[in-house]
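The structure appears below as structure tokens.
The values are calculated or read from the model by the stated rules, or taken from the named source; none is laboratory data. Source: prediction; values computed, not measured. Don't worry about glycine lacking a Cβ; one is built from the backbone with ideal geometry, like all the others, and counts go over all protein chains shown.
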């Protein structure tokens, strides 16, 4: 489905006019298409066919409880990186037995909470972490299923901040040293060493680096099996990219999974994957209202009520998001910077962007904002965080109320 489209010059999300949402819910606000989230998840799930698998949605991409509930009801597992994300998953009705706990810096408290909840597996990233999981599992009288996250030293061909598969990065264990680590881990009596994990980065527009990593992991698994390890599952992470620019073409989910299946079928493995961005990014927009037009020297600015505290990706990564009006006009086009109210020169949503000539009072939609949008937002400049809206067919509802000033100071003494 095309979740966002113009009809009679008005931008809709499914069957809901976004101008109506902005008028009633206020701006800035995030709007998500439930239908598109479900469609993207199903594209992964169905492409696997009969191959044993679990699609573990990456909670860090968008952790709203309504989004998690929708995916839990669709049968998703979840990839978490903190105790707080585990709490979210459980609150939303997710099954702990389908949870994968990733992350390089798990605390003892977080590990213990995950053991108590009965999660499926810990993706461990170091030998000290393996030892800590073993000790905490021993204290509880349980055995913890673990997979070692290996680093295949492969260039993910993505932004340096979201590339994770090179030996210069903090993630995982050098794949060349992995066999020795697995051998030493045999001494931990409370670990079930049943998996291998790998994730090389995010926003991957070329699937070849992923497939190269898959091949290296499968070679490692065969060597481990030959040494008596009962490796039952392989976790190949997530990271499939999405099209942020109109001219971009993202990898097709079904083609990606088909290529993965070809390599894994017949090996007796359950496949785990951890998609996040490719499920929710295109299912969301950030609505914002134009406050002012301003010209300074050679620069023309569109000042809007959303800022870097609402969507930090452009300032943090230099990321591109298409920006369109929710009502098309017959006006010309201008070249502008789209900026927010935050007191930073780095507070921009677009720079040197050619776009429709919008006026104060117009509402804009910042596209492909469903992933790493609200979850990275903050109260910088004491700005209340935005509302979140879920659209289902012709109906919409608030799934996170806009913060008040009282919310901002709650907890302070």
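Some points to look at:
- Looking across region 225-240, not a single residue is buried (at least 24 other Cβ atoms within 10 Å of the Cβ) and more than 16 Å from residue 271 (Cβ to Cβ).
- Residue within region 40-47 that is farther than 22 Å from residue 4 by Cα, touching a helix residue (DSSP H, G or I) at 6+ places or on another chain (Cβ under 6 Å), surrounded by fewer than 23 Cβ atoms within 10 Å (Cβ to Cβ) and at pLDDT 95 or above present: yes
- Total residues in region 1-20, condition closer than 13 Å to residue 392 by Cβ and crowded, with 21+ Cβ neighbours inside 10 Å: 2
- Selection status of residue 201, surrounded by 20 or more Cβ atoms within 10 Å (Cβ to Cβ), within 30 Å of residue 351 (Cβ to Cβ) and at pLDDT below 85: yes
Conditions tested, residue by residue: (1) surrounded by fewer than 18 Cβ atoms within 10 Å (Cβ to Cβ); (2) more than 19 Å from residue 269 (Cα to Cα); (3) in contact with a strand residue (DSSP E or B) (Cβ under 8 Å, 6 or more places away or on another chain); (4) modelled with pLDDT under 85.
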site: 180; (1), (2), (3), (4): yes, yes, no, no
site: 184; (1), (2), (3), (4): yes, yes, no, no
site: 188; (1), (2), (3), (4): no, yes, no, no
site: 193; (1), (2), (3), (4): no, no, yes, no
site: 213; (1), (2), (3), (4): no, no, no, no
site: 223; (1), (2), (3), (4): yes, no, no, no
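- Any chance residue 23 is within 26 Å of residue 323 (Cβ to Cβ) and surrounded by fewer than 18 Cβ atoms within 10 Å (Cβ to Cβ): yes
- Taken together, the residues in region 2-27 that are at positive phi and within 25 Å of the chain's Cα centre (by Cα) amount to 1.
- For region 239-255, the criterion of being farther than 15 Å from residue 207 by Cβ, in contact with a helix residue (DSSP H, G or I) (Cβ under 9 Å, 6 or more places away or on another chain) and touching a residue at least 12 places away in the same chain (Cβ under 8 Å) is met by at least one residue.
- Residue list for region 364-390, filter: closer than 25 Å to residue 248 by Cβ, touching a strand residue (DSSP E or B) at 6+ places or on another chain (Cβ under 6 Å) and either not in a loop (DSSP other than H, G, I, E, B) or not assigned by TED's automatic domain parsing to the domain that holds residue 285 (or both): 364, 365, 366, 374
- Breaking point among (1) in contact (Cβ under 8 Å) with a residue 60 or more places away in the chain; (2) within 22 Å of the chain's Cα centre (by Cα), for residue 360: (2)
- In region 176-209, the qualifying residues are those that are assigned to a helix (DSSP H, G or I) and touching a helix residue (DSSP H, G or I) at 6+ places or on another chain (Cβ under 8 Å), and the one that is farthest from residue 60 (Cα to Cα) is 184.
- Residue 398 being within 14 Å of residue 22 (Cα to Cα), assigned by TED's automatic domain parsing to the domain that holds residue 303 and in contact (Cβ under 8 Å) with a residue 60 or more places away in the chain: yes
- Of all residue pairs spaced 6 or more apart or on separate chains, none has beta-carbon atoms under 9 Å together with a first member in region 309-327 that is outside the structural domain of residue 364 (by TED's automatic domain parsing) and a second member that is at pLDDT 95 or above and buried (at least 19 other Cβ atoms within 10 Å of the Cβ).
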